[in-house]
Structure formats: C-alpha cells, structure tokens
1. Being at pLDDT below 90 and in contact with a Cys (Cβ under 7 Å, 6 or more places away or on another chain) narrows it down to one of Asp535, Asp497, Asp516, so name that one.
2. Could you check the range 208-231 and list, in sequence order, the residues that are of a type in the set (Gly, Ala, Ser) and surrounded by 14 or more Cβ atoms within 10 Å (Cβ to Cβ)?
3. Wholly within the range 261-322, which strands (runs of 3 or more DSSP E) include no fewer than the required count, namely at least 2 residues that are closer than 14 Å to Phe150 by Cα, modelled with pLDDT of 95 or more and under 19 Å from the mean Cα position of the chain (by Cα)?
4. Hey, Ala234 hits all of (1) open to solvent by 60 Å² or more (accessible area, probe 1.4 Å); (2) within 27 Å of Val530 (Cβ to Cβ); (3) within 26 Å of the chain's Cα centre (by Cα) but one; which does it fall short on?
5. For the range 353-379: of the residues being of a type in the set (Phe, Trp, Tyr) and outside any helix (DSSP H, G or I), which is most open to solvent (accessible area, probe 1.4 Å)?
6. For Glu131, indicate whether it is at pLDDT 95 or above, under 19 Å from Ala251 (Cα atoms) and surrounded by 15 or more Cβ atoms within 10 Å (Cβ to Cβ).
Amino acid sequence: MYGRVCAGILQRASSHSLYSGVPLKVRVPHAYLVAFTFSQPRPAHRCHSSSWGASRSDQWRCAGEESVNWCRGGRRLSTHQDLEFQLSRVQINSILRSSEQTVSLPEFDGRGLSVVRKFESNQLAANTPNEDRRSAATCLQSEGMLFGMFDGHGGWACAQAVSERLLYYVAVAMMPQQSLEQLEKCMERGRPVPPILQWYKHHTDFNYRESASLYIDHLRVFWQELLDCEEHGAGMSPRDALDCAFKRLDADISLEAQVPLSNDLMKSTAIQVAFAGCTACVAHVGTEGIHVANAGDCRAVLGVQNEDGSWSALPLSQDHNTQNQAEVERIKAQHPPSEGDTVLADERLLGVLMPLRAFGDVRFKWSRELQQNILDSLESGVDLDSLNLYQYTPPNYLTPPYLDVAPDITYHKLRPQDRFLILGTDGLWDELGSEEAVRLIGEHLSGIHLQAPVSPSERKLKLGQMHELLLKRQARASPALDTNATTHLIRHALGTDGYGELCQERLSSMLALPEDLARMYRDDITATVVYLNADLARPHHS
C-alpha cells in the first residue's frame, strides 16, 4: 500500500518545480537547480532551463555518496530512504496543528453586534522558511475587521513586510479627518498615539523590528497627505481605502529601496522586500457586507448554506493568472503588438512569473538601469545570495512596467445564508476546489454530512463501480478529527485519496518529506475561516 502512496507522491512532482529553496512561482536559471538521487525514476520537471542569469554551477557542485547526498554549505540532500519514513498519528496531528489559531470575539464590540463571531487560521509550510503570511485585526478608529492573506515568492521578505503594513494603510485611509488630526498631534508632541488596530497574532508571528521606524514614518506621510486633502472628511469608503492602500504601500516599498536609509541593515531589508514579491487578498468585513481586494492568486470564497442544508461556494475574488482570460487581455493591451508572443509565455509573465499582479517584484516594474544602479549601491561585501537576490533580467524586457498591484475589488451584501468566508493562498486551492473547501467547512460547522440520493444512472453501475461510489459516500460521512476547521481543511487537502477518503499513509508521506523535497510536491498552505454573524443580516437589523 505504501509503495503505491509513495509512487503517487513522486508522480505529483510532474506539476511542481525541482528548485531547491526557490519558489514555484518564479523561475530561476538552470544553474541553480540541484540534482537529487532517487532509486526510482525522478519526478519530471515542468520548468526548463533558461538563458538568463550567469552560470553558477561551480557554487552548486554537490559531492555525494551512495546513501547520502550533500550540497553547498554542508546541507544534506534527501535520498529514497528518507521518503520511506512514516509518521505516527500523533506526529501527524502535531505537525498539522502547530500553527493553529482560534479567536472568539465578543458578541458586542462596544459599537453594536459583532460582525464576526470567531475566526480560525492555520499554516503548513513547504518552503523553508514559510513564504506565506496572514493577518487579522479589528479597526479601532473606524468600523469593521480586516483579514489578509499574503503569498510570497522570491523569498518571504515582501510577504512579511506587506502583512505587517497593509492593514494599517487600509485602516488609516478609512479614518475620519478628526481622528487623523489626533494622530498627528500626538506624533508632533511626542505623546502615545491612539491605537489604530487591535491585532490578533499567533505566537510564531514576528515583525521587522529594524524597519519599524521607517514603516511608521511612511505611514505618517500617508496620513499627512490625507489631511491635506479637502475631500477626505469622514474618511474613505472601504472600497476606496483598499484600492488606495494597495497602490500606496507598493509605491512606498519601491521608494524605500531607492532612497538613502539610516543604516545598512535597513537598506538591505528594503531592497530585499522590493526585489521579492507577494500576492495579497484582503477582506474588510463590515456590518453591511464584505469588501474583498485581491491582487494575484490568493482567493476568497464565501460559504453559503442553502435552504435544504447543503452548501455552495460564492467566489469573491478572481485569480490573476493566465487562466483568467480577461487578465491575459489586460496585460497584452498594455504592451505593443510586437510583444504579443513574449509578454506571456509558458503561462507566465515574460515566461517567469505566474501571478500577474503583485507587491514588490521590481524586476518587472523598474527599468533595467534603475535595477542595476540599486544593486550596485549595496556595499561590496554584501552577499546577494543571502538576500535572496539573483543577478538576472527577465527575457524580452522591452517596455516596463509589466506588473502592477492594482487590486480587483468585490463587494457582497451580507445575507442570513452567508455563514463563513474562506481566505487561502494558492497552495490550498492547488489541492482543493472552492466548492469542496466550502463543503468541508460547512459540514465541519454543522456536523451534518449531506448525501445526494443515488441517481438513476448510478443505480446501473457495475458492482466494482458501485463499491467505489459507496466508499466515496462513506468517506464524506466520517467524523472530523480536528476542532479547528482550517486544520480539517489542510488535512483533507493533502490526505484525500481518489475515493475521497482520508488516507493516513498518503498524509504521512506528504508531511514526512524533508525540507529539500517538500516544495517539489506542494506549496505553502495558509487558510483562514471567518465565521459570520447571520443575525446582522436578518430583516430586523437591515
């Protein structure tokens, strides 16, 4: 049995990159690839070598023996024997639950009924370190709650910075002029500033402490400009605040990498953030409804309970990738017809980047000359590899910018049947469809596993086919193993077999993969489920 599971795991690699420590979303030169030794056929590459970037094979030369491979810096590369290691149920649960978060909110928030009853969140890394980030906070100077999902690529630096800063920009943009004036007076007089957000942090979360003063200074410049705007008045609507915050923060990230800063650590961090990238999906949940701003391929899906008790998924965002034809046409329309065959190649921007909107990623926004000048400005002793910076320019880089962060914004007015909101990075949606994710959360919430009646065509199935159908239906009725719904979601995303049944051996195989192999078979997964207060949407509250 385990042999079949292991073979299935290896087969999955045909749809993932074989890059060591480099994210699937960004291609790097072939010279960066590290060879792995298996005693059975290697997983296939999806990505091919490219001509850009200097060869670095001398730095990546690996010395191996029959049973153990070692590479650069003494790092051990895994062998086939490593893949045969199985985890116990206790170990599986420990791994899956290590980043769980459950936050219950008071029924009244001091201003009325709470929009959100509680939320749950979880993460499972494939990259080392994890390149996903998540954020959640209550707006204290305006109305509503904010939830963010951030998927980094080219390293975790940009996702980290955006997860710390973006919700502040949104909240400040929604604040009325009087509140902004109070902030400014406190800053001028050196007094404590009234809190803008109440954060809900997991104990493993951290902040860029060395850049905190820079981030505060630029947030202050933002609110000063809002104060100078005569039309600001009562503050921006959630829609306008989300749109403005995405664009302003990305502009600040770009600026910070170009201007002189007070110390080398702050400068290198700013450059690292700008040259890395991240997609973002942020939801503002207010008493009237939900606004979702999305740039990239994170996703927001609403869980709706139908009159018969079944569940359906209502998408509140659209993925910005080449599967989105409107997005493809938008990108092509921004560049000359002569670039029609190169601006999007192999389902990637310039043949390199999978998401078509993102923060950071200045390699797709700045001119060649600016990029080179900024990298040259670093101290000669700075190791670009240590900053996760690679000396390359995307091919056919003729008419930049090719990338922006302008979000698509969706509004949904809350209804009694709207029960929860799922936010997830693409690592979740690579494994689960939106409808399946909503069904899993809905059945976990209600404890009821609805089965459709056996159809006339299903009654004509042969004995073996009927057995498969019964196995699938039985799997759907299995009791949940996790109290946290996002853990339940991740468990099913990685451990469900072809019959829809949770397979212990399959899950063990996926979780036992060593860090140098895990990214070959799956992405970082982060999910947040926000449980909505249906009472707010009932007629007597409208």
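1. That would be Asp497, the only listed residue that is at pLDDT below 90 and in contact with a Cys (Cβ under 7 Å, 6 or more places away or on another chain).
2. Ser211
3. 277-285, 289-295, 299-305
4. (3)
5. Result: Trp366.
6. Taking the combined requirement at face value, the residue does not satisfy it.
Matching residues to (1) in contact (Cβ under 8 Å) with a residue 40 or more places away in the chain; (2) closer than 18 Å to Gly154 by Cβ:
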site	(1), (2)
His335	yes, no
Asp341	no, no
Gly351	yes, yes
Pro355	yes, yes
Arg363	yes, yes
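Yes or no, residue by residue, for (1) surrounded by 16 or more Cβ atoms within 10 Å (Cβ to Cβ); (2) of a type outside the set (Val, Ile, Thr); (3) not in a helix (DSSP H, G or I):
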{"position": "Leu183", "(1), (2), (3)": "yes, yes, no"}
{"position": "Met187", "(1), (2), (3)": "no, yes, no"}
{"position": "Val193", "(1), (2), (3)": "no, no, yes"}
{"position": "Gln198", "(1), (2), (3)": "no, yes, yes"}
{"position": "Phe206", "(1), (2), (3)": "no, yes, yes"}
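The values are calculated or read from the model by the stated rules, or taken from the named source; none is laboratory data. It should be emphasised that the depicted structure is a prediction, and the values quoted were computed from it without experimental measurement. Cβ sites come from the backbone with ideal geometry, for glycine too, and all protein chains shown count toward neighbours. We work out accessible area using only protein heavy atoms, side chains counted, and drop any ligands, DNA or RNA first. Shrake-Rupley method; radii C 1.70, N 1.55, O 1.52, S 1.80 Å.
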